[in-house]
Amino acid sequence: MAIEPGLIHEITIVVEEEHTAAAIKQDSGIWQLTPVLSTPYLVSLMETAAHGAVIPFLEHGQSGVGAMINMRHKAATPVGMQVRIRAELMEVQGRRLLFKVEAWDEIEKIAEGEHERFIINWERFMESVEKKQGKIKK
C-alpha cells in the first residue's frame with residue numbers, strides 16, 4: 001500500500017509536570033512559566049502523530065524527518081488533563097508529505113496547523129550527518 005492523502009494517526013496523552021512550560025528551565029529570573037502544556041512539547045506530539053501515520057508504509061531503510069511546522073496554540077491545558085493529537089496526511093509530492101495537525105483537550109480545541117515531513121533514506125541521511133560532524137572544529 002502506498003503513502004496517500006487521507007492517512008490519519010492519533011495519539012493521546014495525559015499532561016504531566018514534565019510536559020509543562022514550568023518544567024522548562026530558564027537562565028533568566030524574569031520568566032514566570034506556567035504549569036500548562038508547553039508549546040514545544042505540543043509541537044513534538046504533533047510531529048510524532050504525523051510520523052506515526054506513515055511508519056507502516058515506509059520501506060526498509062527509510063524514515064521521516066520534520067521540515068516545517070506552522071501551528072497556532074490556541075488554549076492552555078493544565079496538568080492532569082487528557083490531550084488528543086490528530087495528524088491527517090493532506091498532500092504527497094514525491095518524498096514531501098504535508099499534514100494537517102490538530103489537538104484537543106477535554107474541553108476544547110487547543111491547537112491547529114500544518115506540518116511538513118520528508119521521507120529519507122536513513123543511510124544517506126546519517127552519512128551527511130557524520131560528514132557534518134567531521135567538520136566541527138574542536
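Where a number appears in this text, it was derived from the coordinates with a stated rule and is not lab data. Only a predicted model underlies this, so the values are computations on that prediction, with no experimental measurement involved. No Cβ is skipped: glycine too gets one built from the backbone with ideal geometry, and neighbour counts run over all protein chains shown.
How far, in degrees from 0 to 90, does helix 122-133 lean away from the longest principal axis of the Cα atoms of the chain, to the nearest 10? In the chain, helix 122-133 runs at an angle near 70 degrees to the longest axis. For Thr34 and Val79, the difference between the fully extended length at 0.36 nm per residue and the C-alpha to C-alpha distance is 15.2 nm. The long axis of helix 39-54 is offset from the longest Cα principal axis of the chain by roughly 40 degrees.
When Kirkwood radius over Cα pairs in Å is computed from the coordinates, the matching label among [x] 16.5; [y] 18.5; [z] 15.5 is [x]. Close amide H pairs (under 5 Å, H built 1.01 Å from N) link Gly64 with Ile120, residues at least 5 positions away or on another chain.
Spin-label pair Met126-Glu106: with each label point 7 Å from Cα along the Cα-Cβ axis, the two points sit 4.3 nm from one another. Sequence-ordered 3J(HN,Hα) estimates for the stretch 64-75 from the Karplus curve with 6.51, -1.76 and 1.60 and θ = phi - 60° stand at x, 10, x, 10, 7, 9, 10, 9, 10, 8, 9, 8 Hz, glycine and proline given as x.
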